[in-house]
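**Student:** Below you will find the structure I want to go over with you.
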């Protein structure tokens, strides 16, 4: 009898599951710390060039993402949109999500994400861990696109996070690589400092579409799998080779 009840419970839960496609504006703010600004001024002595870069940091273009999920996975895909406000982007482009790359599939059972990347003309399937955050409820609530959400705050390493989640949806998924709330994260903000720059990233939902069925996500298993950390090593080795070839050319002269 208990087994039958358990099976019925699973079937009922699956039938009542809500799957969404959520459109996001990814907004990024960036500013130098005092120490970072001093280092930047020394590295870029030309005043006009510094002003151009600083102005670009104040006007980082918005990136558009589409986020969807099924029972155990989610997918976050960059969607290129051009509007009148973004025609003059300047020298600064948006800083991509800190944890999951550009077009990623997250497997929550594995606590991993996979991102198809192009490294100097070669494609790989890069992977890395997602991060559980011990979020704490603040008691604050609001409405996002008709959904009542609760605020929770947390910290992971150098990241300070604010998540607005819908606990009526049991999926504890997130559009980025941070999760741990009691329900689906609809809006996410986090702040961190890296290389003398303070960055604030905000995932702002603009549209929620209820899906009739669970979407299916497929990885390109034909690609070679590499850890995300290997990408930096590959670029560093390439740059080192370029420097050696340049130095060799100078010596021959």
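**Student:** Quick check: is even one residue across the stretch 197-210 touching a residue at least 40 places away in the same chain (Cβ under 8 Å), touching a helix residue (DSSP H, G or I) at 6+ places or on another chain (Cβ under 7 Å) and at positive phi?
**Tutor:** Here is the first cut: in the stretch 197-210, the ones touching a residue at least 40 places away in the same chain (Cβ under 8 Å) are 197-210.
Pick out the ones that are also touching a helix residue (DSSP H, G or I) at 6+ places or on another chain (Cβ under 7 Å) and you get 197.
Filter once more, keeping what is at positive phi: none.
Looking for residues that are touching a residue at least 40 places away in the same chain (Cβ under 8 Å), touching a helix residue (DSSP H, G or I) at 6+ places or on another chain (Cβ under 7 Å) and at positive phi, one finds none in the stretch 197-210, hence no.
**Student:** Assess whether residue 123 counts as being surrounded by fewer than 17 Cβ atoms within 10 Å (Cβ to Cβ) and over 27 Å from residue 236 (Cα atoms).
**Tutor:** Considered against the rule, which asks whether it is surrounded by fewer than 17 Cβ atoms within 10 Å (Cβ to Cβ) and over 27 Å from residue 236 (Cα atoms), residue 123 comes out as no.
**Student:** Now for a different question. Look at the stretch 174-203 and say how many of its residues are surrounded by 17 or more Cβ atoms within 10 Å (Cβ to Cβ) and outside any strand (DSSP E or B).
**Tutor:** Residues that pass the stated criteria total 7.
**Student:** I'm checking my understanding of the structure. Among residues of the stretch 148-163 that are surrounded by 18 or more Cβ atoms within 10 Å (Cβ to Cβ) and under 14 Å from residue 200 (Cβ atoms), which one is modelled with the lowest pLDDT? Break it down into steps so the answer makes sense when it comes.
**Tutor:** In the first step, residues of the stretch 148-163 are kept if they are surrounded by 18 or more Cβ atoms within 10 Å (Cβ to Cβ); the result is 149-152, 154, 156, 159, 161, 163.
Add one more test, that the residue is under 14 Å from residue 200 (Cβ atoms), and what stays is 159, 161.
Numbers: 159: 95, 161: 98.
The residue in question is 159.
**Student:** Residues that are in a loop (DSSP other than H, G, I, E, B), at pLDDT below 95 and over 14 Å from the mean Cα position of the chain (by Cα): does the stretch 116-134 have at least one?
**Tutor:** yes
**Student:** Also, I was wondering about something else. Would you confirm whether or not the stretch 204-218 contains a residue that is within 13 Å of the chain's Cα centre (by Cα) and surrounded by 15 or more Cβ atoms within 10 Å (Cβ to Cβ)? First the steps, then the outcome.
**Tutor:** Just the residues of the stretch 204-218 that are within 13 Å of the chain's Cα centre (by Cα), to begin with: 204.
When the remaining residues are screened for being surrounded by 15 or more Cβ atoms within 10 Å (Cβ to Cβ), the result is 204.
Checked the stretch 204-218: at least one residue is within 13 Å of the chain's Cα centre (by Cα) and surrounded by 15 or more Cβ atoms within 10 Å (Cβ to Cβ).
**Student:** Can you tell me which residue is modelled with the lowest pLDDT among those in the stretch 68-107 that are under 22 Å from residue 209 (Cα atoms), in contact with a strand residue (DSSP E or B) (Cβ under 9 Å, 6 or more places away or on another chain) and not in a strand (DSSP E or B)?
**Tutor:** 81
The values are calculated or read from the model by the stated rules, or taken from the named source; none is laboratory data. Nothing here was measured: the structure is a model prediction, and the numbers come from that model. Positions of Cβ are generated from backbone atoms using ideal geometry, with glycine treated the same way; all protein chains shown enter the neighbour counts.
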